[in-house]
Structures are given as C-alpha cells and as structure tokens.
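Single-structure report; data block below.
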Amino acid sequence: MADKIVLQLKKNGPILVMKDGKVLMALCRCGASTNKPYCSGDHAKVGFEAEEGTLEI
C-alpha cells in the first residue's frame, strides 16, 4: 500500500506537500515567488488571498 500524500492549501499562503505528517516542501500558489516553484514567502508582500483546503492523494 502506497503512503498517502496530503496537499494542504494554507489560507493566504502556499501549498504544503506532506507525507506522514511531515512537510516535504512548500509550493508557491501566488505566482510572486522568487524561488518558483517553491514558496519564498512573497505572498505576504503582495497581499495574496486564497481559501484553505486539503487534498489527499
């Protein structure tokens, strides 16, 4: 049985890719990251707003 990957969409922030409760990476979803495809924290500077959510793969 494969381990489940969870994508946690943070409110006004990145997509956290998690496995076994541990964060593997944070992906940009605002488009302003200086380290794409990874989150650089620039979402706070540009005022990015988005809902939170969770997806299990």
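A short reminder: the numbers here are calculations on the coordinates, not readings from a lab. Small disclaimer: the values here were computed from a predicted structure and weren't measured. Cβ coordinates were reconstructed from backbone atoms using ideal geometry, including for glycine residues, and neighbour counts include every protein chain displayed.
Across the range 19-36, the number of residues qualifying as basic (Lys, Arg) and either under 8 Å from the mean Cα position of the chain (by Cα) or not in a strand (DSSP E or B) (or both) comes to 2.
Hey, can you tell me all the residues within the range 38-53 that are hydrophobic (A, V, I, L, M, F, W, C) and under 14 Å from LEU16 (Cβ atoms)? Explain how you work it out, then say what you get.
Keep residues of the range 38-53 that are hydrophobic (A, V, I, L, M, F, W, C), which gives 39, 44, 46, 48, 50.
If the condition is that a residue be hydrophobic (A, V, I, L, M, F, W, C) and under 14 Å from LEU16 (Cβ atoms), then CYS39, ALA50 are the ones that fit.
Any chance you could count how many residues in the range 8-24 are of a type in the set (Lys, Arg) and under 16 Å from GLY41 (Cα atoms)?
Restricting attention to the range 8-24, the residues satisfying the condition of being of a type in the set (Lys, Arg) are 10-11, 19, 22.
Okay, now just the ones that are also under 16 Å from GLY41 (Cα atoms), so 10-11.
Total meeting the criteria: 2.
Can you tell me which residue within the range 1-18, out of those that are part of a loop (DSSP other than H, G, I, E, B) and without any contact (Cβ under 8 Å) to a residue 12 or more places away in the chain, is nearest to PHE48 (Cα to Cα)? Quick ask: steps written out before the conclusion?
Start the filter on the range 1-18 by keeping residues that are part of a loop (DSSP other than H, G, I, E, B), which leaves 1-4, 10-14.
Still in the running and without any contact (Cβ under 8 Å) to a residue 12 or more places away in the chain: 1-2.
Details: MET1: 37, ALA2: 34 Å.
Of everything passing the filter in the range 1-18, ALA2 is nearest to PHE48 (Cα to Cα).
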